[in-house]
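The numbers here are math on the coordinates, done by the rules we state, and not lab data. Values in this document were obtained by computation on a predicted structure and should not be read as measured data. Note that we place each Cβ from the backbone using ideal geometry, even for glycine, and neighbour counts take in every protein chain shown.
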Amino acid sequence: MNAPEPLQITSRRHAVSAAEWQARIDLAAAYRLVAHFQWDDLVFTHVSARVPGTDNQFLINPYGLMFDEITASSLVKVDRDGKQLDDTPFLVNPAGFTIHGAIHAARHDAACVLHTHTLNGVAVSAQQEGVLPISQQSIFVLASLAYHDYEGLALRDDEKPRLVSDLGSKQYLMLRNHGLLTVGATVADAVVAMYLFEAACAIQVRAQSGGGALTRVAPHVIATAQQQALQVTLGQGAGSLTWPGLLRRLDRIDPGYRD
């Protein structure tokens, strides 16, 4: 079998605004981090970001590229219905923007929406009780967690109102029998929220595998989790505090996401 042709991606750096270019870099970084942390599911999940200064333009992954191949220039610009808005050789997954478009339309604070199908996340999403209050990571998730029942592949427009209603104003959404989703005011916030969500699920699966009784965190502790989070991050929020370091990590591995 012949080796595949290397990807040929035309730079968009000088074809878009400075604000959009920065958004593209951050979103490409998010895809690389999803791959780095092994949250990816081949090419079948998505991270989307609103184009700064717009209400109906979003960036999403080119369908078919692995997440560790995605660059700032390869990201595809779409409208709220998932229709492509720029000239690109890449396609968009028709199911990919059903969930994301609905959330972006309803939640103007959601500059970024991140969805995964990790083994730990899907395992916990199949459990009737969902996320259990058994770890420090879980308290931050439980302080802003919603659930949405599985309705099959996300292809139907009639599911959107139910999805949006279930999410409400929360930051974390567990898609039953499906996976995890986070929203953030920035790409960094959505990524760090997913880090906590995935960690809480991984810890839960491991704790359950021991077979013993589990010790639960008291509800009054969960009620103060968001206040504690601000305090421990010096008022910056976890996204702002950790994002520069995460970008430095990516730059050491492969700075090509910036192209």
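Scanning region 173-214 for residues that are part of a strand (DSSP E or B) and not aliphatic (A, V, I, L, M), we see that the one that is farthest from Gln38 (Cα to Cα) is Gly184. Each residue in region 115-142 was checked for being of a type in the set (S, T, N, Q) and part of a helix (DSSP H, G or I), and 5 pass.
The requirement of being under 17 Å from Ala28 (Cα atoms) and surrounded by 15 or more Cβ atoms within 10 Å (Cβ to Cβ) is fulfilled somewhere in region 229-239, by at least one residue. Considering the conditions (1) within 21 Å of Leu173 (Cβ to Cβ); (2) exposed (fewer than 15 other Cβ atoms within 10 Å of the Cβ), Thr98 is excluded by exactly one of them, (2). Pairs needed: first member in region 140-166, touching a residue at least 24 places away in the same chain (Cβ under 8 Å); second member anywhere, of a type in the set (Val, Ile, Thr) and not in a helix (DSSP H, G or I); C-beta distance under 7 Å; at least 6 residues apart or different chains. Partner pairs satisfying both residue conditions: Val141/Val131; Leu142/Val131; Leu145/Val131.
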